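Colleague: Input: one structure, supplied below.
The values are calculated or read from the model by the stated rules, or taken from the named source; none is laboratory data. Worth saying up front: this structure is predicted, and the values here are computed from it rather than measured. Cβ sites come from the backbone with ideal geometry, for glycine too, and all protein chains shown count toward neighbours.
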Amino acid sequence: MRADPRNMNRNNFTLAIALLCVILYIAGCTRDQVDIPEPCDEVKSYNDAIRDILRNKCNTSGCHDGASGVGNYNSYSGVRRVVETGEFRQEVVIEKTMPKDGTLSDEEFSLLRCWSENGFPEN
């Protein structure tokens, strides 16, 4: 019994389409590219520059002012809890969800990122 040439052509066509789909799927896969942040030239301490950023951007009424119950960024000891738990780095540096109004300048963000990457120095 001989094979029907129409079935062979149909099988070859199906195989070619399947192969094309696999090739397109693989070609469509890309790796997420993450921007590498600039290295920190000078690390500021909490007392040098970070305190002022936190007071101006985070220490507002209803936020981290000590009266709202969501933290007190009036002092280093008030910030220490969120620094030690990793919340600060996660929300400010990684997710960039804080401050809620998104008012950090590039320079302020860079200072906070460098501060976090270098162990959150106080002095």
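Colleague: From E108, E122, which residue is surrounded by fewer than 17 Cβ atoms within 10 Å (Cβ to Cβ) and acidic (D, E)? I'd like the intermediate steps shown before the answer.
Modeller: Values: E108 fails: surrounded by fewer than 17 Cβ atoms within 10 Å (Cβ to Cβ).
Criteria check complete, one pass: E122.
Colleague: Would you point out the residue of segment 77-123, among those that are in a loop (DSSP other than H, G, I, E, B) and basic (K, R), that is modelled with the lowest pLDDT?
Modeller: Filtering segment 77-123 for residues that are in a loop (DSSP other than H, G, I, E, B) and basic (K, R), the one modelled with the lowest pLDDT comes out as K100.
Colleague: Please list, ordered by first then second residue, the pairs with beta carbon atoms under 7 Å, 6 or more apart or interchain, first in segment 1-30 and outside any helix (DSSP H, G or I), second modelled with pLDDT of 65 or more and among the β-branched types (V, I, T).
Modeller: From segment 1-30, no pairs qualify.
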